[in-house]
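Submitted below is the structure of interest, expressed as structure tokens.
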Amino acid sequence: MNDTAYADAPDPGAPDLDALIVGAGFAGLYLLHRLRGAGFRARVYEAGGGVGGTWYWNRYPGARCDVESLSYSYQFDEALQQDWEWTERYAVQPDILRYANHVADRFALWPDMQFETRVAAAHWDDDAGLWQVRLEPEGGAPETVTARFCIMATGCLSTANLPDIPGRDSFGGATYHTGRWPHEPVDFTGLRVAVIGTGSSAIQSIPAIAEQAAQLTVFQRTANYSVPAQNRPLDPDEVAAVKADYRGLREEAKTRFGCFVVDLPRPSALADSPERRVAEFERRWQTGGLTFMASYEDLLFDPEANDTAADFVRAKIRETVRDPETARKLMPIDVIGCKRLCVDTGYFETYNRPNVRLIDIVERPIREITESGVAIEGEAIAADAIVFATGFDAMTGTLKRIDIRGRDGLLLRDAWEAGPRTYLGLAVNGFPNLFTITGPGSPSVLTNMMPSIEQHVEWVSDCLEALRGRGATVIEAERAAQDGWVGHVNDLADASLRSTCSSWYVGANIAGKPRVFMPYIGGYPAYAARCAEIAAAGYEGFAIR
Ligand code: N01
């Protein structure tokens with residue numbers, strides 16, 4: 001232990017904390033548990049009023065995870081995964097939030113977490129080798145806390161995107177954003193509701209809202225591919241079989257691209273006969289969920305192969321939606337899987353309801369929001385409530401909104417002006433002792449977030465222990481290593497069809513955001529192996545002092 005080190009009884013000149021964690025989602029919770037267990041003084045600050053991160057904020061009707069519950073859960077504690085009972089194949093938001101609260105109770109995390117406290121700024125003091133972090137508690141006076149390490153567990157989809165539609169603030173009824181849903185129940189019974197957007201959040205909430213609303217009008221800018229979840233209650237025998245060898249399932253998942261187990265893909269869509277191909281797509285469709293894009297290895301690399309899957313889904317929409325004009329509007333034309341595939345329960349069927357109407361706003365643009373509704377070309381559509389299902393300033397939005405200044409006062413938002421630049425999605429040159437859990441440049445949103453979070457948390461925690469073991473207090477990604485990683489991330493993205501459309505993966509949903517494919521697309525196994533190699537080589541590519 002050296003003079004300024006992590007300690008049970010810190011020196012008078014030592015920082016307030018060894019590690020300051022921003023965010024009490026699944027990353028923040030595990031970080032706190034793990035770092036505390038390794039003897040570090042760690043504390044979580046969270047803007048929201050409770051734990052759960054994305055599952056705290058996204059309480060919209062129909063919110064449900066698209067990774068199966070038995071896989072979308074922590075594996076770091078065998079007793080936890082044995083004890084917790086998931087009841088549905090895909091967990092609903094309230095169940096996931098209950099799980100997050102259970103974890104906080106079970107590991108006694110509450111005393112080291114502070115809620116309703118926004119982290120407004122983090123400034124690196126190079127002389128002292130610590131972060132000065134400015135906290136803004138709701139209704140309280142701002143304060144500054146010092147920490148040796150600052151760990152951003154801020155999530156990939158946490159800053160809501162509220163589009164600047166003319167007249168937005170003049171609307172006389174209630175407005176909602178799916179990612180900032182109220183805590184009290186929202187009752188749409190008898191109301192005329194407008195939903196703007198047709199991404200995952202809209203596709204989940206529209207069927208639920210349609211059941212209540214007198215009239216639901218959906219404003220669609222881009223039609224989206226969606227496959228049925230085929231959700232169902234979990235069979236106790238199936239759960240028992242998983243729990244008998246939970247570790248086996250987790251280990252197998254780590255060998256898969258997305259870190260969850262689905263049937264292995266067939267080699268090439270084009271190598272199969274049309275009949276064989278349709279049978280495979282149908283089998284996956286009936287299985288439900290994200291397994292659909294795993295039908296063939298070449299779906300995201302070969303446009304012709306991709307077309308075969310897109311055609312299959314378009315045919316399903318045509319079969320499902322009775323009004324041919326509505327079906328036409330709902331049929332996407334771009335690459336399937338380029339935007340994140342949506343997973344639904346009764347989405348396309350909802351358009352057969354007499355109280356649901358679809359407006360294609362490319363054909364008939366929204367002119368303005370008025371006091372009484374939404375005005376499009378040639379028509380005023382009355383609404384009592386508007387739901388913005390318009391997504392997030394993904395992956396970088398939250399980090400760029402915090403005033404993060406590294407060495408020589410360098411602002412993170414300036415360093416990332418042309419797009420995020422990181423080493424492994426975990427660290428940024430110029431920003432010593434700052435870590436970003438599931439940051440841009442890591443697999444994150446292209447994988448099962450839970451094991452990707454665990455992999456990052458364990459890597460960071462091991463790194464802090466290694467530094468302590470060496471008597472070192474500062475670690476920083478080297479410029480050359482970062483440049484090499486960014487180049488590698490870009491090369492992989494360029495080879496995939498995923499980088500070709502206007503998705504939030506490339507920042508296209510936010511005006512003025514640089515167009516860069518942000519997540520690492522090489523899959524979990526290759527990524528985790530590289531992280532492990534770098535650590536084993538004494539944190540190759542990092543400067544340590
Ligand atoms: O957001 P999105 P989301 N005028 O960005 C439209 C995860 N997630 O909250 O496509 C009109 O996907 C926009 O149109 P366009 C998942 O990773 C997971 O739905 O940009 N429309 C689009 O239709 C997901 O991908 C789960 O042309 C505007 C929609 O709003 C991610 O979160 C559930 C507009 C936004 O779609 C984000 O999903 C929910 C404007 N000005 C979310 N601006 C599950 O686990 C935007 N749009 C199942």
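Excluding Gly139 itself, calculate the net charge of residues whose Cβ lies under 12 Å from the Cβ of Gly139, where each Lys or Arg counts +1 and each Asp or Glu counts -1.
-2
Here is a further query. Could you bin all the Cα-Cα distances of the range 72-173 into 5 Å bins starting at 0 and give me the percent of pairs in each, rounded to whole numbers?
Histogramming the range 72-173 at 5 Å steps yields 2, 8, 12, 14, 14, 14, 14, 11, 7, 3, 1 percent.
How about the chain: what cysteines have no other cysteine beta carbon under 4.7 Å from their own?
Cys65, Cys150, Cys156, Cys259, Cys342, Cys463, Cys531
Please identify the GluC sites (Glu not before Pro) of the range 7-110 that satisfy two criteria: DSSP loop assignment and at most 13 other Cβ atoms within 10 Å. Which are they?
Counting only loop positions with at most 13 other Cβ atoms within 10 Å, the GluC sites (Glu not before Pro) in the range 7-110 are Glu85.
What residues have an amide H closer than 5 Å to that of Val227, excluding those fewer than 5 places away on the same chain, when H is modeled at 1.01 Å from N in the peptide plane?
It is Cys342, Val343, Asp344, by chain and number.
Under a plain spin-label model, where a point goes 7 Å from the Cα along Cα-to-Cβ, how far apart in nm are Asp237 and Arg413?
In this crude spin-label approximation the distance works out to 5.8 nm.
Rounded if a/c is under 1.5, else prolate if a/b beats b/c, else oblate: with a ≥ b ≥ c from the C-alpha gyration tensor eigenvalues square-rooted, which is the range 38-112?
Oblate, because a/c is 1.5 or more while a/b does not exceed b/c.
For Thr370, list long-range residues whose amide hydrogen, built 1.01 Å from N in the peptide plane, is under 5 Å from its own amide hydrogen.
Ala375
Evaluate the chain: find the radius of gyration of its Cα atoms, find its Kirkwood radius, and give the ratio Rg to Rh.
On the Cα set of the chain, Rg over Rh gives 0.97.
Rounded to a whole number of µm²/s, how large is the Stokes-Einstein D of the range 142-186 at 37 °C and 0.692 mPa s, given Rh as the Kirkwood radius over C-alpha pairs?
Result for D is 224 µm²/s.
Suppose every Lys and Arg Cβ carries +1 and every Asp and Glu Cβ carries -1, with no other charges. What dipole size does the range 168-388 come out with about its Cα centre, to the nearest 20 debye?
Around 180 debye, computed over the range 168-388.
Another question, if that's okay. Using a ≥ b ≥ c from the Cα gyration tensor of the range 265-356 (square roots of the eigenvalues), is it rounded, prolate or oblate, where a/c under 1.5 gives rounded and otherwise the larger of a/b and b/c decides, a/b for prolate?
Prolate, because a/c is 1.5 or more and a/b exceeds b/c.
If each of Arg180 and Ile333 carries a label point 7 Å out from its Cα toward its Cβ, how far apart are those two points in nm?
Result for the modelled spin labels: 3.4 nm.
Across the range 418-545, what fraction of all alpha-carbon pairs, as a whole percent, falls in each successive 5 Å bin from zero upward?
Result, from short to long distances: 2, 11, 20, 24, 19, 12, 6, 3, 1, 0 percent.
Give me the count of lysine pairs in the range 168-388 whose alpha carbons sit under 21 angstrom apart, restricted to pairs 8 or more positions apart or on different chains.
Step by step, the pairs that qualify in the range 168-388 add up to 4.
A further question on this structure: Label 7 Å along Cα→Cβ of Asp164; the range 388-404 residues with amide nitrogen under 14 Å?
What the label zone holds, given the 14 Å backbone N cut-off, is no residue at all.
Relative to the Cα centre, what is the charge dipole magnitude of the chain, using +1 at the beta carbon of each Lys and Arg, -1 at the beta carbon of each Asp and Glu, and rounding to the nearest 20 debye?
Dipole magnitude for the chain comes out near 600 debye.
Then there is this: Which order do His177, His123, His456 fall in if you start with the one that has the fewest other Cβ atoms within 10 Å?
His123, His177, His456
Residues with amide H under 5 Å of Thr198's amide H, sequence separation 5 or more or different chain, H placed in the peptide plane at 1.01 Å from N; which?
Arg221, Thr222
Suppose a student asked you for the relative contact order of the chain, using Cα pairs under 8 Å spaced at least 6 residues apart; what percent would you report?
19
So for the range 298-452, Kirkwood radius off the Cα pairs, Stokes-Einstein at 10 °C and 1.306 mPa s: how many µm² s⁻¹?
For these conditions, the coefficient is 80 µm²/s.
Looking at Trp504, Ile402, Leu135, which one has the Cα that reaches farthest to the positive end of the dipole of the chain (charges on Cβ: Lys, Arg +1; Asp, Glu -1)?
Trp504
Moving on. Take the Cα coordinates of the range 168-388, assign each an equal point scatterer, and use the Debye formula without solvent to give log10 I(q)/I(0) at q = 0.07, 0.12 Å⁻¹.
Each listed q maps to, in turn, -0.28, -0.75.
Just from its helices, what would the mean residue ellipticity at 222 nm be for the chain, if runs of 4 or more DSSP H residues each count -39500 (n - 2.57) and the sum is divided by every residue, rounded to the nearest 500 deg cm²/dmol?
When only DSSP H runs of four or more count, the value is -9500 deg cm²/dmol.
Beyond 16 Å, what share of the Cα-Cα pairs of the range 225-271 is found? Please give it as a whole percent.
Cα-Cα pairs of the range 225-271 separated by over 16 Å account for 62 percent.
FYI, it's all coordinate maths here, none of it is from the lab. Fair warning: this is a prediction, and the values are worked out from it, not measured in the lab. Reconstructed Cβ throughout: ideal geometry from the backbone, glycine too, with neighbour counts over all protein chains shown.
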